[in-house]
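The values are calculated or read from the model by the stated rules, or taken from the named source; none is laboratory data. These numbers come from a predicted model, not from an experiment. So basically every Cβ, Gly included, is an ideal-geometry build from the backbone, and we count neighbours across all protein chains shown.
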Amino acid sequence: MKSVLLLVPIETYRAQAFLDAAAHLGISLSIGSQEALPMAHRMGNKALVISIEEPETAVKQIELAEKSNHFDAVVSIDDTGLKTAALASQRLGLKHISTSTTDLAQNKISMRERLSKTEVSQPRFQTFKDDENLKEKLSLLGKFPVVLKPATLSGSVGIIRANSEDEVRANIPLVRTIQSSHGCSPDSPILIEEYIEGREYAVEAIVIGGQLRFLSVFDKPQPLHGPFFAETIYVTPTTLSREVTDRLFSTLDKARITLGIETGPIHAEFRINDADEIFFVEMAARSIGGTCSKAVPLAGSTSIEELILAEALGLGVPDLVFENQASGVYMIPVPRKGRLRAISGVEQARSVKWVTGIDMTYTANTDVAPIPYDSKYLGFIFSKAPTARVVVNALEEAVQKLEMDIS
């Protein structure tokens, strides 16, 4: 029986989805995390404690575990363990993207610099360190607004729009503070890039047998103008024309080849302006976060988790069949800092027509912070309906039913 080691952060919402996918494929799944997961008691020696944020230490732990749990693939569920999975796969002689690719995929500055040598269209950018001339850097960009981004954080953490030099100067200390709170060096360079006016889209894809396969293009119907960029609704099918979608696919393929993503899932973000010009925003060598993979409209029993495991093992991947209906998810953001006591109205939200499910992922009586300070969402509302507009209406109606007690 084929066996996969899945690396997950302790706060993951997706371990069960991968266990279900493994059972459907008829493979063995071990799960490694920084601490014992709640399900560890029923997994026996297949629940491992792995220091996934410390690659060299983690690889030694994996090599030791491999002696009693043979692994045919090592897969990371998200960015946290991506380099560990790549390094462990390299040491064990297993299929995976390279560590140099993970470094590119997890550093916004390195990604921008590499893609700037290609035909992939992206925002103009500069990097900034505190000992450099900020006015000179901004003059090279030429215009405002701009967007400040920490190089190595994800999930919209630390990303802030600034409309003037004064706003840039005022927000740099905030970006530094956020970097420090997430374990990054406060002296790390900041990416400053032009703000692209337009609509934002997310693309879910997977590289199977060296070929890029589209899974979904998600519209983001609620505007993301800043100053912060908490995402809310993803909905598919897209409103983009076939011609624009084809160009989007081509841009994504060029970018992933340049970055060296030769296998596995991809989650990418793009902006498209009123002239239908496509701008690459970012790409991650992982699938969509949270429990949002449920919104990818794969038909039948096939799931994105099953595709990821099958590709990692080199198994035959089934033909991709998609549902003939619209699908969407509302990611419930934290509205403000404070102590979250409870969220009421969940059952009322669940009863809204066309809502197909709600995953509440918050923990009561814990301190919470909104984007850009933290990346966590409070839960996810799902809808499937005949059209994307009906899905969006259902999601917006459902979220209005929720009341949050934050003090």
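Numerical summary
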read-out	value
Candidate set from region 32-50 (those that are in contact (Cβ under 8 Å) with a residue 24 or more places away in the chain and more than 20 Å from Ile308 (Cα to Cα)); member that is nearest to the chain's Cα centre (by Cα)	Gln34
Phe144 vs. criteria aromatic (Phe, Trp, Tyr) and in contact (Cβ under 8 Å) with a residue 60 or more places away in the chain	no
Residues of region 325-342 satisfying the condition of being in contact with a Pro (Cβ under 9 Å, 6 or more places away or on another chain) and either surrounded by fewer than 14 Cβ atoms within 10 Å (Cβ to Cβ) or of a type in the set (A, V, I, L, M) (or both)	Ala326, Val334, Pro335, Arg336, Lys337
Condition broken by Ile172, with the remaining ones in (1) under 19 Å from the mean Cα position of the chain (by Cα); (2) crowded, with 17+ Cβ neighbours inside 10 Å; (3) more than 18 Å from Gly290 (Cβ to Cβ) satisfied	(1)
Cβ pairs under 7 Å, 6+ apart, first in region 338-350 and without any contact (Cβ under 8 Å) to a residue 60 or more places away in the chain, second of a type in the set (Lys, Arg)	Gly345/Lys401; Gln348/Lys401; Ala349/Lys401
Count of residues meeting criterion [surrounded by fewer than 21 Cβ atoms within 10 Å (Cβ to Cβ) and outside any loop (DSSP other than H, G, I, E, B)] in region 257-266	2
Residue that is nearest to Ser185 (Cα to Cα), among those in region 144-173 that are among the charged types (D, E, K, R) and part of a strand (DSSP E or B)	Lys149
Residue within region 338-353 that is touching a Phe, Trp or Tyr at 6+ places or on another chain (Cβ under 7 Å), in the same structural domain as Asn393 (by TED's automatic domain parsing) and at negative phi present	yes
Count of residues meeting criterion [farther than 25 Å from Ser116 by Cα and over 20 Å from the mean Cα position of the chain (by Cα)] in region 268-309	4
Region 1-31: number of residues that are in a loop (DSSP other than H, G, I, E, B) and either among the polar types (S, T, N, Q) or over 20 Å from the mean Cα position of the chain (by Cα) (or both)	5
Matching residues, region 277-310, being of a type in the set (Asp, Glu) and either out of contact with any strand residue (DSSP E or B) (no Cβ under 6 Å at 6 or more places or on another chain) or within 15 Å of Phe380 (Cβ to Cβ) (or both)	Glu277, Glu305, Glu306
Residue, surrounded by the most Cβ atoms within 10 Å (Cβ to Cβ), within region 359-382, restricted to residues that are of a type in the set (A, V, I, L, M, F, W, C) and within 9 Å of Ile332 (Cβ to Cβ)	Ile381
Residue list for region 224-253, restricted to those being in contact with a Lys or Arg (Cβ under 7 Å, 6 or more places away or on another chain) and surrounded by fewer than 20 Cβ atoms within 10 Å (Cβ to Cβ)	Gly226, Pro227
Some residue of region 328-335 being over 30 Å from Ser3 (Cβ atoms), aliphatic (A, V, I, L, M) and touching a helix residue (DSSP H, G or I) at 6+ places or on another chain (Cβ under 6 Å)	yes
Failed item in (1) surrounded by 21 or more Cβ atoms within 10 Å (Cβ to Cβ); (2) touching a Leu at 6+ places or on another chain (Cβ under 8 Å); (3) more than 22 Å from Met331 (Cβ to Cβ), with Phe270 passing the rest	(3)
Test: Pro386 is out of contact with any His (no Cβ under 9 Å at 6 or more places or on another chain), over 23 Å from Leu224 (Cβ atoms) and in contact (Cβ under 8 Å) with a residue 12 or more places away in the chain	yes
Single match in Pro189, Pro221 (criterion: surrounded by fewer than 19 Cβ atoms within 10 Å (Cβ to Cβ) and not assigned by TED's automatic domain parsing to the domain that holds Lys376)	Pro189
The listed residue being without any contact (Cβ under 8 Å) to a residue 40 or more places away in the chain and within 17 Å of the chain's Cα centre (by Cα), out of Phe214, Phe229	Phe214
Residues satisfying the stated conditions in region 89-143, i.e. hydroxyl-bearing (Ser, Thr, Tyr) and either more than 28 Å from the chain's Cα centre (by Cα) or not in a helix (DSSP H, G or I) (or both)	Ser98, Ser116, Thr118, Ser121, Thr127, Ser139
Restricting region 343-358 to residues that are among the aliphatic types (A, V, I, L, M) and closer than 18 Å to Val329 by Cα, the residue that is surrounded by the fewest Cβ atoms within 10 Å (Cβ to Cβ)	Val346
